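Remarks on the structure that follows.
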Amino acid sequence: MNQFLSVPAGHYTIGTDAAEMDRAIEFWQNRLLENFTRQDIECWFRKEFPSLKIWVEGFEMSRTLVTNANYLRFAAATGAALCESLVEGEPADHPAWGLDISEAKSFCAWMSANDPVYRYRLPKEVEWEAAARGPERLEYPYGPTFDPSKANTVESNIGTTTPVLEYAHAPGPFGHLDLAGNVEEWVDTRYWVYPGGELIKDDLYEVFGANYFILRGGSFHRGGDLSRGARRHGAYPKPDYRFTGFRLVRERRTLPST
């Protein structure tokens, strides 16, 4: 598969406080792809509010996204349909995309069934944010300020996916790559309101209600606001938002006592 890197156990502060949200809105309100209002942007960013401290158990997460080569082996072994990135003939070392969360979970189940030592699953949302922001609560996985040379978002002007090792010069706080940009990443957590926050009735709510799985990290096809470490998104049913992939968490199996 690929390398797995440890995220240590500890208290991690996730989400965004009022001052941080104001700064993020101020930065992004005139930089988005479309002419959204400040009210629109604030609505989306309020999903991150307020910040809260959460204990996260230590875990191991894959350094990179699942690639086309990885997914092709799964499809060949199980008869599963090829994902859109494979249908389009994208290179083997680019991330697999065009996947819904059920397909991502099927891949995890296949990996688990073929490994006597580890089980595999998708990261939980708080695990993903802990890995992306670290104890310093970075605004972006690679640092405190937005930089289109360090992640494949629309501002990078690449226009397609990149190899999963392309941004090895800009890792997250624990060494993980592509936590910002390339393709959006499924986490195994449905939208929930942070304690003290409010239910956000945005365009995703209008389609799914308050019961949709979260995506993290942004993609090459959308703006860098989605690559912020705290940003919470979902699979809006439009072609622009189909660039969805995933990475893995692995857990050592408990051996039976003798």
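The values are calculated or read from the model by the stated rules, or taken from the named source; none is laboratory data. In this text the structure is predicted, and so the values were computed from the model without any measurement. Note that we place each Cβ from the backbone using ideal geometry, even for glycine, and neighbour counts take in every protein chain shown. Each accessible area value is taken on the protein alone, full model and side chains, heavy atoms only, with ligands, DNA and RNA left out. Shrake-Rupley method; radii C 1.70, N 1.55, O 1.52, S 1.80 Å.
Looking at region 156-258, the trypsin sites (Lys or Arg not before Pro) that sit in a DSSP loop and have at most 15 other Cβ atoms within 10 Å of their own Cβ are K201, R253.
When the Cα positions of A131, P91, Y118 are compared along the charge dipole of region 90-139, Y118 comes out farthest toward the positive end, with charges on each C-beta of Lys, Arg, Asp and Glu.
Using a probe of 1.4 Å on the protein chains alone, the accessible area found for K53 is around 140 Å². Accessible area per residue for region 124-258, computed on protein heavy atoms with a 1.4 Å probe, is 40 Å². Rounded to the nearest 20, the Cβ-based charge dipole of region 1-60 about its Cα centre (Lys and Arg +1, Asp and Glu -1) stands at 40 debye.
A helix-only calculation puts the chain at -6500 deg cm²/dmol for mean residue ellipticity at 222 nm, using -39500 (n - 2.57) for each DSSP H run of at least four residues, averaged over all residues. Cβ-Cβ distance of V117 and H11, R₀ of 25 Å, FRET efficiency by 1/(1 + (r/R0)^6): the value works out to about 0.30. If R₀ is 35 angstrom, what is the calculated FRET efficiency for the pair C43 and L72, using the beta carbon separation as r and rounding to 0.05? Efficiency at R0 = 35 Å is approximately 0.35.
Placing +1 on the Cβ of every Lys and Arg and -1 on the Cβ of every Asp and Glu, with no other charges, gives the chain a dipole of roughly 700 debye about its Cα centre.
With 25 Å as the limit, the listed pairs K53/K150; K53/K105; K124/K201; K105/K238; K47/K124 have K53/K150; K53/K105 beyond it between alpha carbons. Estimated from the Cβ-Cβ distance and a Förster radius of 22 angstrom, the FRET efficiency linking S106 and D240 is about 0.30.
Taking amide H positions as modeled 1.01 Å from N, with prolines and chain starts lacking one, the residues under 5 Å from N152 and 5 or more places away or on another chain are N182. The GluC sites (Glu not before Pro) of region 110-198 meeting both criteria, a DSSP state outside H, G, I, E and B (loop) and at most 11 other C-beta atoms within 10 angstrom of the site's C-beta, are E136, E198. Computed over the alpha carbons of the chain, Rg followed by Dmax gives 17.6, 64 Å. Dividing the mean sequence gap of close Cα pairs (under 8 Å, 6+ apart) by how many residues the chain holds gives a relative contact order of 26 percent.
Let me check against my output: what whole-number percent is the relative contact order of region 12-80, with C-alpha pairs under 8 Å and at least 6 apart? In percent, rounded to a whole number, it is 43.
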